[in-house]
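In what follows, a structure is listed as structure tokens, so that the remarks can point back to it.
The values are calculated or read from the model by the stated rules, or taken from the named source; none is laboratory data. For clarity, every value in this text was computed on a predicted model and none was experimentally measured. Quick reminder, even Gly has a Cβ in these numbers, built from the backbone with ideal geometry, and neighbours come from all protein chains shown. The area values use the complete protein model at the heavy-atom level, side chains included, leaving out ligands, DNA and RNA. Shrake-Rupley method; radii C 1.70, N 1.55, O 1.52, S 1.80 Å.
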Amino acid sequence: MMDEMQKKQLAEQGYAIFPNLMPPAMLAEMRARVEALYKEEGDRAGQEFKHEPGALRLANCVDKGEIFERAVAMPEVLEAVGAVLGPEFKLSSLNVRTALPHNGVSQPLHCDMAAIPDAGGYWVCNCIWMLDDFTLQNGPTRAVPGTHLLGRLPDRPKDAHPEEVKITGKAGTVVVMNAHLWHGGDANLTDKPRTALHSFYCRGDKPQQQYQKRLLRPEVQGRLSPALRRLLALDDPHNDAISAEVAVTSGFMK
């Protein structure tokens, strides 16, 4: 389902943009569920992950609504993730991040999980679901195209990079990013929050960022289809062994 330009962009630049990938009804449902979760969880929001200055988070979202189950298994997204990671991959985590108004905070440039490609190639891929418009001013993702090819972490992560770009788009857009790309959330300079869902996938032989089998309630696990169970590695003894004690949450949130 990817066109040639998207394939080329993902391979060479490290990310591909899919405008309007979320149908309007799906976008509205996801926005409503995220808003409800922020109200329900209050100060507990994001406790399964880690708090970040200048931002609000929700974590363990597969456990919190059928809309999220549909999102992580969306065929167009899985095709693009497979182009990065190969045929054997799994969901690593599913989180929401809201850049707060006038937060004055830019994330340092990082690779997710501080990951460097290994002998098996790339092993992390992150998908950014724009629930609000991403503009130049409201904290879009900044990225340095082509840095996924370098095989190393940024050496001056807190500085603006001379080749960095800001990834913008309308709500409903999904960006699939090779997460070895140097990237980070920019500061929100506006008086409104900016929210995105992040579906993060890893290669099958690597640990999950958030161990899904432990986090998902039994009633949620019980209703999942075989395909979703495979995607979440719920019946994978090797994943159980390598994911249960993961300590690294991100390339900059350790």
Checklist entry - Counting only Cα, what are the radius of gyration and maximum Cα-Cα distance Dmax of segment 146-254, in Å? => result 17.3, 49
Checklist entry - Treating the beta-carbon of each Lys and Arg as +1 and of each Asp and Glu as -1, no other charges, what is the dipole magnitude of segment 91-200 about its Cα centre, to the nearest 20 debye? => result 120 debye
Item to check | Within-10-Å neighbourhood charge of ALA244 [Cβ basis; K, R +1; D, E -1] | outcome: 0
Checklist entry - Can you list the aspartates and glutamates whose alpha carbon is less than 13 Å from that of LYS213, not counting same-chain residues fewer than 8 positions off? => result ASP63, ASP235, ASP236, ASP240, GLU245
Checklist entry - Mind checking the dipole of segment 136-193: about its Cα centre, +1 per Lys or Arg Cβ, -1 per Asp or Glu Cβ, Debye to the nearest 20? => result 120 debye
Next on the checklist: In Å², and per residue, what accessible area does segment 1-124 have when probed at 1.4 Å with the other protein chains present?
Outcome noted: 45 Å²
Checklist entry - Which stretch or stretches of segment 172-203 have amide N atoms under 19 Å from the point lying 7 Å from ASP133's Cα along the Cα→Cβ direction? => result 172-175, 186-197
Checklist entry - Distances over 24 Å make up what percent of all Cα-Cα pairs in the chain? => result 43 percent
Next on the checklist: Take the residue pairs LYS8/LYS166; LYS64/LYS170; LYS8/LYS64; LYS7/LYS64; LYS50/LYS158; LYS166/LYS192 and return only those whose Cα atoms are more than 30 Å apart.
Outcome noted: LYS8/LYS64; LYS7/LYS64
Item to check | Accessible heavy-atom area order of THR173, THR135, THR190, highest first, probe of 1.4 Å | outcome: THR135, THR190, THR173
Next on the checklist: Quick check: with the 1.4 Å probe, what order do ARG142, ARG229 take by accessible area, largest first?
Outcome noted: ARG229, ARG142
Next on the checklist: For segment 88-232, what does the convex hull of the Cα positions come to per residue, in cubic angstrom?
Outcome noted: 121 Å³
Item to check | Full-extension gain in nm, ALA25 to LEU153, via 0.36 nm per residue minus C-alpha separation | outcome: 42.2 nm
Next on the checklist: Explain nothing, just the number: relative contact order of segment 50-176, from Cα pairs under 8 Å at least 6 residues apart, as a whole percent.
Outcome noted: 28 percent
Checklist entry - Over the Cα atoms of segment 1-134, what Rg and Dmax result, in angstrom? => result 15.9, 44
